[in-house]
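Each remark here refers to the structure printed beneath this line.
Read-outs: derived from the displayed coordinates by stated rules, not from any lab. Values in this document were obtained by computation on a predicted structure and should not be read as measured data. Neighbour counts run over all protein chains shown; Cβ positions are idealised from the backbone, glycine included.
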Number of protein chains: 2
Amino acid sequence: MDDAAVLDWPLGLQLVATHDMLAEGIHFTPDCPPADIGWKLVVVNLSDLAATGAKPVGVLMGAGIGAGRDAGWAKELVRGMAQALERYAVPLLGGDTIRSGPASVLALTALGSVPAGRALSRTGARLGDDLWVSGTIGDAGLGLEIALGKRTPDAALLKRYRRPQPRLALGIALRGIASACMDVSDGLLLDASRLAGASGLSVAIDSSAIPLSAAARASGLATASLAAMGDDYELLFTASCAVRSAVLATAVECRTPVARIGSVASGMGMTIDGVETDPTGYQHR
Amino acid sequence: MDDAAVLDWPLGLQLVATHDMLAEGIHFTPDCPPADIGWKLVVVNLSDLAATGAKPVGVLMGAGIGAGRDAGWAKELVRGMAQALERYAVPLLGGDTIRSGPASVLALTALGSVPAGRALSRTGARLGDDLWVSGTIGDAGLGLEIALGKRTPDAALLKRYRRPQPRLALGIALRGIASACMDVSDGLLLDASRLAGASGLSVAIDSSAIPLSAAARASGLATASLAAMGDDYELLFTASCAVRSAVLATAVECRTPVARIGSVASGMGMTIDGVETDPTGYQHR
């Protein structure tokens, strides 16, 4: 096999490229099932593609396997990656596997395509736009607390943390509808303030509109705390009020629930239920 | 900044993608100057592009910084990367920097372009083709021995190891001339046997034709030992005897010396000066 992959590129498509790493002890605990790590390595990168409205073209993987890991662990890691790649029909284009010293460090580049000029970005939000988010918020954060032994086990929440889903279909369908888009990885509140800030604007959030699962509602945590947890990998986007029905129809078509949780306002920063709020003040971890 | 980079892609070009990692303790020693590590991370990937005849389009970097490294170390690493990217006029498209546990692990994806159907690959060597290699062989391996304190210091040899040069101009110029091409990273002999093997053929090498620097000749090592050392990052390629003058003219044009070191033969494996040889038997390290 050659060291490099060669791909045809159709006329009129732009190339989208993103790179994210996962490190043992930082992004996953040593006892995390390796197949789940492999899955997540793929999905966090596909989620970055989804946020641009890109269709995945392929990935290149770099697996640095820690000294304490045997071939079985590496095989499970690759199995989890393969499951995610198969689930989303994305080819593995290349990469390498090395021994990386004491801890495992995993890197992935995801390549995608988007019709020229149609990519979504963080910038582009306009004053008065609606703010939307897909799915439910906080479940993955609760799953992390379960993984750390801080909360009563719940298989569904743990799965939300360990097997996130990239919102690829929604991202593609939002081309030409959303004015700005990003994926929620560092907590809804912090990411919402970043999204508005990227366009030089602020964001006003209605906390009662933040979509929560029944399990999250039963967690005993305040909505703002749930919205400060990370790892949701939902899409957060803005769109003009004029396309509100198009957003809702798109969500139905993609079988991905979306909720309108606020709007883009003038100035900088963020308000929650009308109160100025520092999103970093809600950092849950 | 968005998590993903979006690039225009001109009609008629294919996308070339490659990914290589460098790990502390495996690919570089803990005392290696971080700027040299950054340089090498870029160049080993650009060398993979060179081997396909691709023109670099950009890179995505993932730097996992070991726990014992301070901000100054990371800054030097990035400075070395930036030097290489500037030297070869390649933009940084994205990436991330994380803390990676005890040891540093560095990942890079390089993207390149090549006119459709013109990419060089390892396969394509034909019976009777000449075998060529660029530059000189073994200098980087001697540089490694110097870095390890096993050999008398020599700044030029150490630089060949720590600051390799990707043969980008030669790779591009060999499109349509070379029948097969790869870069030499694991030792000339082993890589030559792989190149021929990829086309189901063998290779006959004339050891007296292997290009050596004056420093390598003075090293006291046999040519076959030098040709078993790694990290040369020279281009190894085959071409029909009919284009011998075109190869030589191309080399002059690119200011990159090339040497005709043998030919592609029938069967499998390798002969050196007519004697069947197992290239792995010459593993220097």
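Judged by the gyration tensor of its Cα atoms, with axes a ≥ b ≥ c, the range A:164-223 is oblate; a/c meets the 1.5 cut and b/c is at least as large as a/b. Divided by 2.2 N^0.38 Å, where N counts the residues, the Cα radius of gyration of the protein assembly as shown comes to 1.06.
Could you grab the relative contact order for the range A:14-115? Cα pairs under 8 Å, six or more apart, rounded to a whole percent. Computed value for the range A:14-115: 49 percent relative contact order. The lysines whose alpha-carbon is closer than 19 Å to the alpha-carbon of B:Lys75, local same-chain residues fewer than 8 away aside, are B:Lys40. Let me know the shape class of chain A, please: from the alpha-carbon gyration tensor, a ≥ b ≥ c as square roots of the eigenvalues, rounded when a/c is under 1.5, otherwise prolate if a/b is greater than b/c, or oblate. Taking the square roots of the gyration eigenvalues as a ≥ b ≥ c, chain A is oblate. Shortest first, A:Ala215 label-point distances to identical copies amount to 6.0 nm, with the label point at 7 Å from Cα along Cα→Cβ. Taking springs between alpha-carbon atoms closer than 10 angstrom, which of A:Leu221, A:Leu106, A:Leu131 fluctuates most in the Gaussian network model of chain A? Between A:Leu221, A:Leu106, A:Leu131, it is A:Leu221 that shows the largest mean-square fluctuation. In terms of the mean number of neighbouring beta-carbon atoms within 10 Å, the peptides A:163-174, A:38-49 order highest first as A:38-49, A:163-174.
Classification of the range B:13-115 by its C-alpha gyration tensor yields a prolate form. The axis ratio a/c (a ≥ b ≥ c) is 1.5 or more, and a/b outweighs b/c. Sorted shortest first, the separations between the A:Pro257 label point and its copies elsewhere in the assembly read 7.1 nm; each point sits 7 Å from Cα along the Cα-to-Cβ line. Taking every C-alpha pair closer than 8 Å and separated by at least 6 residues, the mean separation divided by the residue count of chain B gives a relative contact order of 23 percent.
Between copies, the label points at B:Pro102 (set 7 angstrom from Cα along Cα-to-Cβ) are spaced 0.4 nm, reported in nanometres from shortest to longest. For the protein assembly as shown, adding -39500 (n - 2.57) for each run of n ≥ 4 DSSP H residues and dividing by the number of residues yields -9000 deg cm²/dmol at 222 nm.
Based on the reciprocal of the average 1/r between different C-alpha atoms, the Kirkwood radius for the range B:174-285 equals 14.4 Å.
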